[in-house]
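Report on one structure; see the data block that follows.
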Amino acid sequence: MWLFDKDLWSEIFHTLGKNMFRTFLTMLGVIFAMIILVLLLGSANGMSNGFDKLFAGTASNSLFVWGQSTSEPYKGFERGRRIRYKLEDAETLKKQIPEIEVLAPRIELGSHRDVTTVYRKGQTSGSSVYGDFPEIDNITKKKLVEGRFLNNNDIEHSKKVCVIGEETYKLLFEKGENAIGEDIRINGVFFAVVGIYKPNNNINIDGENAVFIPFTTFQKAFNSGDRMGWMAIAVEPGTKVAVVENQIKTILKAKYDIHPDDERAIGSFDMSEIFNNITAFTNVLKGFSFFIGIFTLLAGVIAISNILLITVKERTKEIGVRRALGATPKVVKRQIVVEAIVLTAFAGLIGFAISVGILAILNNVWGSGEDFPFVNPMVNIPQFGISFLLMVGLSVLIGMLPANRAIKVRPIEALREE
Amino acid sequence: MIEIKDLHKSYKMGSNSLHVLKGINFRAEEGELVAIMGSSGSGKSTLLNILGMLDGADSGEYTLDGVPIKDLSETKAAQYRNKFLGFVFQSFNLINYKSALENVALPLYYQGVPRKERQEKALKYLERVGLKEWATHLPSELSGGQKQRVAIARAMAAEPKVLLADEPTGALDSTTSYEVMDLIQKINDDGNTILVVTHEEDIAHMCKRIVYLKDGVIVEDKKVKQVRADHYV
């Protein structure tokens with residue numbers, strides 16, 4: 001196999017090494033092209049990772065369903081009727097729609113976005129108060145600063161415990177004061193704090209100042225019976241949220257005698273739409289980076305071809321001698337094409353090493369992703385593989401140009417040239 | 001060994017056609033040392049190029065060691081050159097970034113001879129031209145005569161049927177020229193067939209036969225008494 005022919009390689013390194021400076025200048029174009037390609041791709045990946053980190057903890061394939069007022073008269077009911085769900089709806093939906101993975105019912109004190117005054121030792125806070133099941137944590141993860149979230153034990157025994165937001169803590173407690181185990185009062189009922197959470201500063205559904213108590217405790221303490229305010233639902237991976245959303249609405253509409261065309265009676269929000277938009281954005285960004293990078297690379301490889309053309313012209317006589325001595329056109333061609341490949345591949349690797357270094361530095365400076373969506377900017381192996389193969393493929397094609405030039409000159413003409 | 005019959009060659013110069021070889025008939029037996037003489041424009045270089053398969057004839061026959069040389073592809077021509085012919089040029093044409101040994105080994109490389117064998121063989125031929133100690137030197141470190149001797153070693157390394165020398169002494173002073181001719185004579189003494197193109201009478205008389213070319217035809221073809229070059233060295 002000629003690829004492992006030691007002489008071919010020594011021949012090539014001899015020729016390239018003979019003129020180090022020119023060889024280096026030739027490679028410069030490809031080095032820069034590779035740096036640009038990898039930096040662009042890496043940054044796009046970094047942004048994509050950054051967004052992923054931002055939304056970590058929120059199930060991307062989830063939706064929220066709540067009741068609103070009807071906008072169409074139906075079956076003898078007037079428009080403007082308030083829709084109130086019952087806890088049993090949750091069971092019905094789970095049973096009828098197997099695609100639902102998690103369904104967390106929730107109830108709010110007062111109407112939507114209402115605040116209730118929460119007391120503690122003379123300090124007050126106007127907070128939203130929610131009755132929740134622990135399952136909600138699978139859909140919107142709470143970052144706990146202290147303590148724990150609600151659990152099934154709390155639900156079973158209707159424990160008078162609560163998880164409060166950092167904002168609520170600041171209003172009710174002194175700075176640095178221990179809150180875990182302390183009681184706070186809501187509508188005359190005392191609840192012991194078991195956890196403090198930090199609001200997820202990116203997707204904020206619950207508000208920053210909120211108190212979570214077990215659903216069952218809520219029912220007893222505030223006498224809400226079997227009412228249910230809204231539902232957070234996670235859908236099985238691979239299932240379109242919009243499909244499940246429609247199924248839920250159809251079932252609920254039938255149950256609560258809502259006109260099938262009534263768009264307003266049931267409120268819902270599809271989380272996956274946000275995620276799809278962001279994914280589409282980062283994908284376009286990645287595609288665009290690749291596109292620019294590949295064309296820069298093409299320009300770099302053409303520069304190599306150009307220099308090789310000049311080199312071939314300079315070496316006309318040498319090539320003539322070689323051919324007189326028995327080098328077949330194939331051998332001459334192969335040597336020049338392999339030179340092009342070696343130059344490109346070597347330059348590509350140098351560029352790759354440099355750009356990976358730059359990305360590592362960028363990662364150190366901005367990579368935390370705290371205030372800017374930029375996490376772990378790096379190219380992945382398939383991206384590197386594709387660009388590298390493409391580069392080498394291009395260099396083979398472009399190397400053919402000087403190679404053909406080299407064998408076009410007949411040995412007799414090459415020898416005549418003094 | 002070499003046989004050509006009614007060889008014609010013309011070059012197109014714009015709209016004109018220049019008839020360079022006008023029917024050459026020529027035979028050389030094995031072991032001959034032939035000088036081809038003629039003034040510039042006589043067609044001697046063209047004849048040598050055709051003999052060297054670096055150029056094709058327009059018409060006529062060319063047989064080398066019983067093989068008809070006709071309508072060769074570039075690849076085939078390269079293979080035949082490698083197998084049948086050794087070239088010695090006026091300007092040596094050594095590859096300047098390769099050592100003397102590497103230069104001599106080059107035709108063997110194209111023959112596909114393994115590396116080690118190639119080195120040994122090349123060294124043997126360098127020894128034969130008296131330059132064994134110079135094996136690792138680059139051409140730029142050699143004198144003109146030494147360069148030509150390396151070139152001769154290179155031409156001999158592939159053990160060709162015929163050695164073609166195009167003005168081998170053209171770039172050398174007379175003392176060095178005689179040294180080179182002495183080497184060529186010795187190689188011929190071993191039974192190798194050699195064709196030398198020259199325009200110097202004294203060099204031509206160191207061959208065994210002189211062919212005079214004029215305006216594309218052979219005007220004279222005579223055997224001469226060989227003058228040994230070592231008389232002058």
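A:Phe218 versus (1) among the aromatic types (Phe, Trp, Tyr); (2) part of a helix (DSSP H, G or I); (3) closer than 26 Å to A:Ile274 by Cβ: which is the lone unmet condition?
(3)
Which members of the range A:40-75 meet the condition of being touching a Lys or Arg at 6+ places or on another chain (Cβ under 8 Å) and either acidic (Asp, Glu) or in a helix (DSSP H, G or I) (or both)?
Scanning the range A:40-75 gives A:Leu41, A:Ala44, A:Asn45, A:Ser48, A:Glu72.
When you scan the range A:379-390, do you find a residue that is among the aliphatic types (A, V, I, L, M), more than 14 Å from chain B (Cβ to nearest Cβ) and in a loop (DSSP other than H, G, I, E, B), even just one?
Looking through the range A:379-390, at least one residue is among the aliphatic types (A, V, I, L, M), more than 14 Å from chain B (Cβ to nearest Cβ) and in a loop (DSSP other than H, G, I, E, B).
Go through the range A:314-326 and report how many residues are in contact with a helix residue (DSSP H, G or I) (Cβ under 9 Å, 6 or more places away or on another chain) and either exposed (fewer than 13 other Cβ atoms within 10 Å of the Cβ) or outside any helix (DSSP H, G or I) (or both).
Qualifying residue count for the region: 3.
Checking the conditions here, which among A:Val337, A:Val332, A:Val379, A:Val392 is modelled with pLDDT under 85 and either under 26 Å from A:Ser43 (Cα atoms) or aliphatic (A, V, I, L, M) (or both)?
Among A:Val337, A:Val332, A:Val379, A:Val392, only A:Val379 is modelled with pLDDT under 85 and either under 26 Å from A:Ser43 (Cα atoms) or aliphatic (A, V, I, L, M) (or both).
Return the only residue of B:Ser10, B:Ser39, B:Ser45 being part of a helix (DSSP H, G or I) and in contact with a strand residue (DSSP E or B) (Cβ under 9 Å, 6 or more places away or on another chain).
Exactly one of B:Ser10, B:Ser39, B:Ser45 is part of a helix (DSSP H, G or I) and in contact with a strand residue (DSSP E or B) (Cβ under 9 Å, 6 or more places away or on another chain), namely B:Ser45.
Say whether the condition of being within 14 Å of another protein chain (Cβ to nearest Cβ) and not hydroxyl-bearing (Ser, Thr, Tyr) is met by at least one residue in the range A:24-31.
Looking through the range A:24-31, none of the residues is within 14 Å of another protein chain (Cβ to nearest Cβ) and not hydroxyl-bearing (Ser, Thr, Tyr).
Can you go through A:Val301, A:Val331 and tell me which one is out of contact with any Ser or Thr (no Cβ under 9 Å at 6 or more places or on another chain) and either of a type in the set (A, V, I, L, M) or closer than 30 Å to A:Leu54 by Cα (or both)?
None of the others qualify; the one that does is A:Val331.
Among what's in the range B:99-122 and is crowded, with 17+ Cβ neighbours inside 10 Å and more than 10 Å from chain A (Cβ to nearest Cβ), pick the residue that is farthest from A:Glu318 (Cα to Cα).
Per the criteria, the residue is B:Lys121.
Quick check: anything in the range A:340-349 under 30 Å from B:Asn93 (Cα atoms), without any contact (Cβ under 8 Å) to a residue 60 or more places away in the chain and loosely packed, with under 15 Cβ neighbours inside 10 Å?
No, the range A:340-349 contains no residue that is under 30 Å from B:Asn93 (Cα atoms), without any contact (Cβ under 8 Å) to a residue 60 or more places away in the chain and loosely packed, with under 15 Cβ neighbours inside 10 Å.
Considering only the range A:356-368, I want to know if a residue exists there that is at pLDDT below 85, outside any helix (DSSP H, G or I) and either of a type in the set (A, V, I, L, M) or within 30 Å of A:Ile307 (Cβ to Cβ) (or both).
No, the conditions are met nowhere in the range A:356-368.
Hey, can you tell me all the residues within the range A:319-333 that are charged (D, E, K, R) and either in contact with an Asp or Glu (Cβ under 6 Å, 6 or more places away or on another chain) or touching a residue at least 24 places away in the same chain (Cβ under 8 Å) (or both)?
Result: A:Arg323, A:Lys333.
Only residues in the range B:49-72 that are within 13 Å of another protein chain (Cβ to nearest Cβ) count as the first member; pair them with residues that are assigned to a loop (DSSP other than H, G, I, E, B) and surrounded by 16 or more Cβ atoms within 10 Å (Cβ to Cβ), Cβ under 6 angstrom, at least 6 apart or cross-chain, and list the lot.
Listed by first residue and then by second, the contacts come to B:Asn49/B:Asp55; B:Ile50/B:Ala57.
Can A:Ile310 be described as crowded, with 20+ Cβ neighbours inside 10 Å, modelled with pLDDT under 90 and more than 12 Å from chain B (Cβ to nearest Cβ)?
no
Sort out which residues of the range B:33-64 are under 14 Å from the mean Cα position of the chain (by Cα) and over 26 Å from B:Asp189 (Cα atoms), and write them in order of number.
B:Thr46, B:Leu54
Could you tell me whether the range B:168-188 includes any residue that is surrounded by fewer than 23 Cβ atoms within 10 Å (Cβ to Cβ), out of contact with any Phe, Trp or Tyr (no Cβ under 8 Å at 6 or more places or on another chain) and closer than 20 Å to B:Gly41 by Cβ?
Yes, the conditions are met somewhere in the range B:168-188.
Applying the selection to the range B:86-98, what residues are within 9 Å of chain A (Cβ to nearest Cβ) and either more than 20 Å from B:Leu183 (Cα to Cα) or out of contact with any strand residue (DSSP E or B) (no Cβ under 6 Å at 6 or more places or on another chain) (or both)?
Answer for the range B:86-98, where residues must be within 9 Å of chain A (Cβ to nearest Cβ) and either more than 20 Å from B:Leu183 (Cα to Cα) or out of contact with any strand residue (DSSP E or B) (no Cβ under 6 Å at 6 or more places or on another chain) (or both): B:Ser91, B:Asn93, B:Leu94, B:Ile95, B:Asn96, B:Tyr97, B:Lys98.
Which residues, taken from the range A:331-343, are at the interface with another protein chain (Cβ under 10 Å from one of its Cβ atoms) and under 13 Å from A:Pro402 (Cα atoms)?
Scanning the range A:331-343 gives a single hit, A:Val332.
May I ask you to say which residue of A:Leu103, A:Leu150, A:Leu93 is over 16 Å from A:Asn209 (Cα atoms) and in a loop (DSSP other than H, G, I, E, B)?
Only one candidate passes the filter, namely A:Leu150.
What do you reckon, is A:Leu394 assigned to a helix (DSSP H, G or I) and more than 23 Å from the chain's Cα centre (by Cα)?
Yes: the conditions hold for A:Leu394.
Go through the range A:205-221 residue by residue and tally those that are touching a Leu at 6+ places or on another chain (Cβ under 9 Å) and surrounded by fewer than 20 Cβ atoms within 10 Å (Cβ to Cβ).
Count: 1.
Kindly establish whether A:Glu273 is more than 14 Å from chain B (Cβ to nearest Cβ), part of a loop (DSSP other than H, G, I, E, B) and out of contact with any Pro (no Cβ under 7 Å at 6 or more places or on another chain).
no
Condition check ((1) of a type in the set (A, V, I, L, M, F, W, C); (2) in contact with an Asp or Glu (Cβ under 6 Å, 6 or more places away or on another chain); (3) part of a strand (DSSP E or B); (4) surrounded by 15 or more Cβ atoms within 10 Å (Cβ to Cβ)) across all residues:
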{"residue": "A:Lys175", "(1), (2), (3), (4)": "no, no, no, no"}
{"residue": "A:Asn178", "(1), (2), (3), (4)": "no, no, no, no"}
{"residue": "A:Val193", "(1), (2), (3), (4)": "yes, yes, yes, yes"}
{"residue": "A:Gly238", "(1), (2), (3), (4)": "no, no, no, no"}
{"residue": "A:Val244", "(1), (2), (3), (4)": "yes, yes, no, yes"}
{"residue": "A:Lys253", "(1), (2), (3), (4)": "no, no, no, yes"}
{"residue": "A:Ile258", "(1), (2), (3), (4)": "yes, no, no, yes"}
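The values are calculated or read from the model by the stated rules, or taken from the named source; none is laboratory data. All figures in this text were calculated on a predicted structure; none of them were measured in a lab. Backbone-built Cβ (ideal geometry, glycine too); neighbour counts: all protein chains shown.
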